[in-house]
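For reference, the structure is listed below as structure tokens.
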Amino acid sequence: VEAVGLRLLHLSDTHFCQGETIPGVDPVANLATFFGELVDRRLDIDACVITGDLAHSGEEWAYRRLRLLLNSVPWPTRVVPGNHDVADLGRRLVGFPYWPDDDVWSWQVSDGFALIGLNSAVPGYHHGSLSIDSLASVEGMAKAASQQGEWLLALHHPPLEVGHWWMDGQKLLNGSDALLAIADRFKAVAILCGHLHTTGFIQRPGRTPVLVAPGTAHEVLFDDGLERPLRFRRRSPRALLHKFSSERLTTVELTAGGASWLVDGHPWEEERQRTNSRGPARQ
Ligand SMILES: [Fe+2]
Ligand SMILES: [Fe+2]
């Protein structure tokens, strides 16, 4: 029998807005479909974290809608903001318990696991940055968490490059080395990020891995060429399910939902008359 672990649903980049993020992608429908299918599939999920870009352009409507959707799922959730968010507005509207008041917080998810979340966004910019104060808070919480059990970090911007020219230019530009040093020193199990809109794992043997969840809205195509513009793809919503135990870290990608189409029917006049007269309905 495997030791007690933690099954953590890791979502990112929900990009809520009214309408579409790119043609054919309705981010709210995507997440609603995704949640609905996960519940229907009876997946064993202890908790959920969303690693930023909750709203596409920081709209009030988006944050209110996200709160309603988070109210509808059976697992507890916490969120951190990303570069597309308006943190003050989002914190107020998504609110307790999903969006803690402080820029750095620690959540005791279960007996053996704490999740430390941090706001890495810089208002008006796409890259990420951590202040000296934030790093000091992370260090204090990491020390406390490591004395009680396992702990994880969650922030929007990956602290390391992945080889995608454009996205690497928007990574965590300030504080990456210090954050990684804290994670390594206090033996974080993983650093959970988003922002890339693709799945990506950065393994560092003997040290804390960086795990990037895909977005539930549009995909950003991975591209290893220099100075190429971003390209996007419409595809089914997806996320990562991490299972942490003392033995191992198991990650699977979950996809759910997909495209749907509205198909117009073409009733015959005979059918129209029959239906209105409640006559026998032939096949
Ligand atoms: Fe994003
Ligand atoms: Fe982002």
query = Can you spot a residue in segment 17-24 that is buried (at least 18 other Cβ atoms within 10 Å of the Cβ), in contact with a helix residue (DSSP H, G or I) (Cβ under 8 Å, 6 or more places away or on another chain) and not polar (S, T, N, Q)?
reply = yes
remark   = The number of residues in segment 175-197 that are within 11 Å of ligand 1 (Cβ to nearest atom) and over 21 Å from Phe113 (Cα atoms) is 3
note = Sole miss for Gly117 among (1) under 20 Å from Gln170 (Cα atoms); (2) out of contact with any strand residue (DSSP E or B) (no Cβ under 9 Å at 6 or more places or on another chain) is condition (2)
inquiry  = Could you tell me how many of the residues in segment 141-167 are more than 16 Å from ligand 2 (Cβ to nearest atom), surrounded by 16 or more Cβ atoms within 10 Å (Cβ to Cβ) and within 19 Å of Arg231 (Cβ to Cβ)?
reply    = 0
query = Does Ala55 satisfy the condition of being of a type outside the set (S, T, N, Q) and within 16 Å of ligand 1 (Cβ to nearest atom)?
reply = yes
request  = Kindly provide the set of residues from segment 199-254 that are at pLDDT 95 or above and of a type in the set (Val, Ile, Thr), ordered by number.
outcome  = Thr199, Ile202, Thr208, Val210, Val212, Thr216, Thr250, Thr251, Val252
query = Considering only residues of segment 58-87 that are within 13 Å of ligand 1 (Cβ to nearest atom) and surrounded by fewer than 22 Cβ atoms within 10 Å (Cβ to Cβ), which is modelled with the lowest pLDDT?
reply = Gly58
ask   = Looking at segment 43-58, which of its residues are outside any strand (DSSP E or B) and within 16 Å of ligand 2 (Cβ to nearest atom)?
value = Gly52, Asp53, Leu54, His56, Ser57, Gly58
note = Filtering segment 168-191 down to residues that are part of a loop (DSSP other than H, G, I, E, B) and within 16 Å of ligand 2 (Cβ to nearest atom) yields Gly169, Gln170, Lys171
request  = Evaluate the following for Pro280: is it modelled with pLDDT under 95 and in a loop (DSSP other than H, G, I, E, B)?
outcome  = yes
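The values are calculated or read from the model by the stated rules, or taken from the named source; none is laboratory data. Bear in mind that the values here come from a model prediction, so they are computed numbers and not experimental data. All Cβ positions, even for glycine, are placed from backbone atoms using ideal geometry, and neighbour counts span all protein chains on display.
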